[in-house]
Amino acid sequence: MSMRNSIAIGLWVVMAALGLSPQALAMLDKDNQGRWLKPTVNNQPDKEVPGFLVNLGPTGARAILTEKTFVVRYIFADSPAVGRLKLDDEIVGVFGKPFSPHHFGGGGLGYEGPMMDFGDAIEKAEGCDGKLVLNVSRGSQALEVKIDLEPIGAFSATFPFNCKKSECVRAKALKYLADHPDGQGSGVWQAHAHSAVILAFLTSDDPKQQSLGKQMALKWSKQSPDAGTWTWGLSYQLITLGEYHLLTRDPSVLPMMKIVSGYLEKAQYKGNIVCWKECQTDEKWKALQQLYDGGFGHGPYKAELGVNGYGPMQYTTILALIGWQIAERCGVAVDPQRLTSAMAFIHHGTNAAGYVAYGGEFALNNGPQDPVGFKKGTGGDNYVGRSGAALIAHKLSPDFPESAKYIVDYRKYIKRAYKSLPNGHADANLGIIWGLLGAGASEDDTAVRKVFDYHKSYMNMMRCFDGSFVLLPGRDYADNGYYMASRYHPTATMILALGLSSPKLLIQGIQANISGVNPKALKGNMDAAYKAIVKKAYNEAASTLKGAKGDDAPIAAAMNEYIDVQLQRDIAELDALEKVGDICKLDSELTKVRARFGTFDGLKDKLKHFQDGLSQDAWKMELKLGNNYRQLVDQLQRNKNASYANDLQKFSDKHPDSTYGKWASEVAKEFLASGSIKDPANIKLVVSTPGAVASTPAPASDDASPASTPTNSALSEVKVVAAKPAPVPVKAPAVLPEALEKWQTRFVEKLNALAKSGVKVTLRMSGQDNYPVRGATEKTIIVSVQGNDLPMPWKQISPECRAQLAKDAAKDDDVEALLIAAVLNLSIGKTDVAEDCFAKACPATIIPPAPLPHCKMLPRFFRCPTPL
């Protein structure tokens, strides 16, 4: 690690310990590390922009970000901002509401503040009439400036899946790339962008755009690397040509794929690894350096001192592994030992929380480290893109038994560190592309929703008025992505991410993760059945699997079990739709189930309940009402007029007992109150089948092994439900906020008592950062940083960190500490930890010193009359 990087990390630690959030660092560095006024020089289309500014979404304006405002520094010709905004205008709020202070920066803090507020306002305007109202300070004047945006609608509750705005934005981005030949070159920007643009075109449904992608891929297949080609270029070239071959079955790219794969083998660290001078005399250094076997650096490895920079990295190794796995699916053989050693390197750099290191943290980071201790670490809330890429690499590696375990860890980390998506060393887009694709491939609807919903406004800010996307400033000292490919890389990235609803690439998750099945080794009927499963042609797959014998029998059994689980999931979704009363959608989903499963054994019996329901008068009436409701909402979305909202209210008044009547009232009231349209019918149902691992984003248990899959017998019998559905109960929080506040006060008192008595307690923060606790106040926790007692605001300590700290502080003989740990862990859903602490603190003979949770979780101990 460089001295500059070490200083930067040290500064972050000190700033955090002093209780200063990243915006404070931004204020100390008011010129954005000199980038506000550093232009792209020759990088079209932003050559004329005076620096690396914040893009204000599709307005066409670029600005400097201050703590609570934007200062306009550039306006594109012919953009919506022309004639409305002026240079040096200070935008202080939107729709009459001032901006909140910004938190955009490192760690897991995200981008709350002006950027999120502005992005939310864009969403509001585009979802209504397109009128974006900005509050502007111009000299001594306070103005209200209205900018006309295109009313393309708002992102759906399930975006990028089943979302018209996603489709619209993606189509505009594809057109932008197709209309800009300079974005289709290969010699002026990095392989990252070149690969993303090709793959974006290949996923288009437009034959002309597909043709552009094919031409670019074929051109790259004629450009051979050499001994000096960096690993990045080798990996991206192999990934791109492999995805092209799998889409087109064009064999002409295979010879170059073999050449590129060979160069990757030469680039891999192998044998006696030598990186630092100290290794010549220190045996401990020598031993630790051998952990780098199997990794990849920027450039090809040479067994000499001073020629390999700072050694191998996780990103380059992960991308090489993805390239090799895709190549094997194309028939390009790779030495199994190469794959094994690359996987081992990745695992050395992954801790127990699913956090993926940059490179040397697990062994040689400013001196010998403890690699075993690193792997056991549970910290981390940053650089989620690396974990997203690692998840994809492991999904492509079912031949490694440990892949299933690591996929679970990476999935958990994505849900934990989702706010850090734009945080990427050297190129922020690395975090964006692999974080979004990793979430899409996670097979976990919660992970998808956390990542996409939180960054919805960020995506609005990235989007330019011409349909392209541009990178936004980050806080990594070495972030140079804007200057490598300001628009082409992020534009292609968003095309791939917004295309997850109809994926075409392996890196978009088009594979079925079936325990015991290695797609690379399948042949004949087994290969045909697997491909049918990927296409969701389950009836075709089941027919192909019939009569499998010999070595094929266990593979066929695993695939049949997988198909069985998919049927259970589909039936569970039909059941859920019935329970909420959406008979219209139930009818359309039932049609899809029949198409997927055809004459599958026993299907008719499993669907009989729903067929019978649709033949009854009550459901027929709901179908009619559902169609009427849909027409009324569509009319409101097209016209955005109060009279159409009133039509919905009249419909509701006429059919108050119908689900659609209730929804109509909700839509009407929301539109009349805010001008936005929120259709309850678009809410994605949370449907899960225990232990199932699906091929599309769906809820999944973090702790369930993909190998544990239920059979049809696990499905309970579905009962006929009346046309008027029962209301869905709202789950109350485990600990009420006002009670949690009181327990926080007791927690502060306990920490002070422990500190005074000399008991050592450690606060675990992001990555591997741990701080000894020296006391606490109502607003801060006092921690020791390099021997100095410094305050850190409680608001910067996540509920998870507080719960962990409480658990660490709780000893078996300290009832008060155990109760505090129990409550704080219960508040974040860790019921197992809470129950254990309650059990130790409160046997049946002890009367609790304060009201404790009224929770069925604790039948063996006690129930308190008052809930927290």
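The values are calculated or read from the model by the stated rules, or taken from the named source; none is laboratory data. What you are looking at is a predicted structure, and each value in this text was computed from that prediction instead of being measured. Heads up, the Cβs are rebuilt from the backbone with ideal geometry, glycines too, and the neighbour counts pull from every protein chain shown. We work out accessible area using only protein heavy atoms, side chains counted, and drop any ligands, DNA or RNA first. Shrake-Rupley method; radii C 1.70, N 1.55, O 1.52, S 1.80 Å.
Of note:
- Matching residues in region 444-458 - criterion: being open to solvent by 10 Å² or more (accessible area, probe 1.4 Å) and of a type outside the set (Phe, Trp, Tyr): 445, 446, 449, 450, 453, 456
- Of the residues making up region 356-378, those that are more than 18 Å from the chain's Cα centre (by Cα) and assigned to a loop (DSSP other than H, G, I, E, B) are 358, 359, 363, 365, 366, 367, 369, 370, 377, 378.
- Failed item in (1) open to solvent by 10 Å² or more (accessible area, probe 1.4 Å); (2) modelled with pLDDT of 90 or more; (3) within 30 Å of residue 382 (Cβ to Cβ); (4) not small (Gly, Ala, Ser), with residue 475 passing the rest: (2)
- Test: residue in region 367-387 that is modelled with pLDDT under 90, touching a Leu at 6+ places or on another chain (Cβ under 8 Å) and either surrounded by fewer than 20 Cβ atoms within 10 Å (Cβ to Cβ) or not aliphatic (A, V, I, L, M) (or both): yes
- Some residue of region 216-233 being in contact with a strand residue (DSSP E or B) (Cβ under 6 Å, 6 or more places away or on another chain) and crowded, with 16+ Cβ neighbours inside 10 Å: yes
A quick yes/no check of all residues on (1) open to solvent by less than 50 Å² (accessible area, probe 1.4 Å); (2) touching a Pro at 6+ places or on another chain (Cβ under 9 Å); (3) charged (D, E, K, R); (4) modelled with pLDDT of 80 or more:
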{"residue": "803", "(1), (2), (3), (4)": "yes, no, no, yes"}
{"residue": "806", "(1), (2), (3), (4)": "yes, no, no, yes"}
{"residue": "813", "(1), (2), (3), (4)": "no, no, yes, yes"}
{"residue": "816", "(1), (2), (3), (4)": "no, yes, yes, yes"}
{"residue": "823", "(1), (2), (3), (4)": "yes, yes, no, yes"}
{"residue": "840", "(1), (2), (3), (4)": "no, no, yes, yes"}
{"residue": "846", "(1), (2), (3), (4)": "no, no, no, no"}
{"residue": "850", "(1), (2), (3), (4)": "yes, no, no, no"}
{"residue": "862", "(1), (2), (3), (4)": "yes, yes, no, no"}
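- Some residue of region 69-78 being surrounded by fewer than 18 Cβ atoms within 10 Å (Cβ to Cβ) and in contact with an Asp or Glu (Cβ under 7 Å, 6 or more places away or on another chain): yes
- Criterion applied to 423, 460 was being touching an Asp or Glu at 6+ places or on another chain (Cβ under 9 Å), within 30 Å of residue 60 (Cα to Cα) and assigned to a helix (DSSP H, G or I), and the one residue passing it is 460.
- Flag: residue 431 matches the condition of being open to solvent by less than 20 Å² (accessible area, probe 1.4 Å), without any contact (Cβ under 8 Å) to a residue 60 or more places away in the chain and at negative phi.
- Yes/no for residue 579 being without any contact (Cβ under 8 Å) to a residue 12 or more places away in the chain and either under 26 Å from residue 158 (Cα atoms) or out of contact with any Gly (no Cβ under 7 Å at 6 or more places or on another chain) (or both): no
- Residue ID - most open to solvent (accessible area, probe 1.4 Å), chosen from residues in region 592-647 that are within 28 Å of residue 539 (Cβ to Cβ) and among the polar types (S, T, N, Q): 599
- Region 330-384: number of residues that are among the small types (Gly, Ala, Ser) and under 21 Å from residue 405 (Cβ atoms): 12
- Filtering region 762-773 to residues that are surrounded by fewer than 18 Cβ atoms within 10 Å (Cβ to Cβ) and modelled with pLDDT of 85 or more leaves 762, 772.
- Identity of the residue in region 101-117, at pLDDT 90 or above and over 24 Å from residue 415 (Cβ atoms), that ends up least open to solvent (accessible area, probe 1.4 Å): 114
- Selection count where residues are within 18 Å of residue 321 (Cα to Cα), open to solvent by 20 Å² or more (accessible area, probe 1.4 Å), in a helix (DSSP H, G or I) and not aliphatic (A, V, I, L, M), scope region 388-413: 2
- Residue 416 surrounded by fewer than 24 Cβ atoms within 10 Å (Cβ to Cβ) and either touching a Lys or Arg at 6+ places or on another chain (Cβ under 8 Å) or touching a residue at least 40 places away in the same chain (Cβ under 8 Å) (or both): yes
- Some residue of region 242-250 being free of Cβ contacts under 8 Å to residues at least 60 places away in the same chain, part of a helix (DSSP H, G or I) and not hydrophobic (A, V, I, L, M, F, W, C): yes
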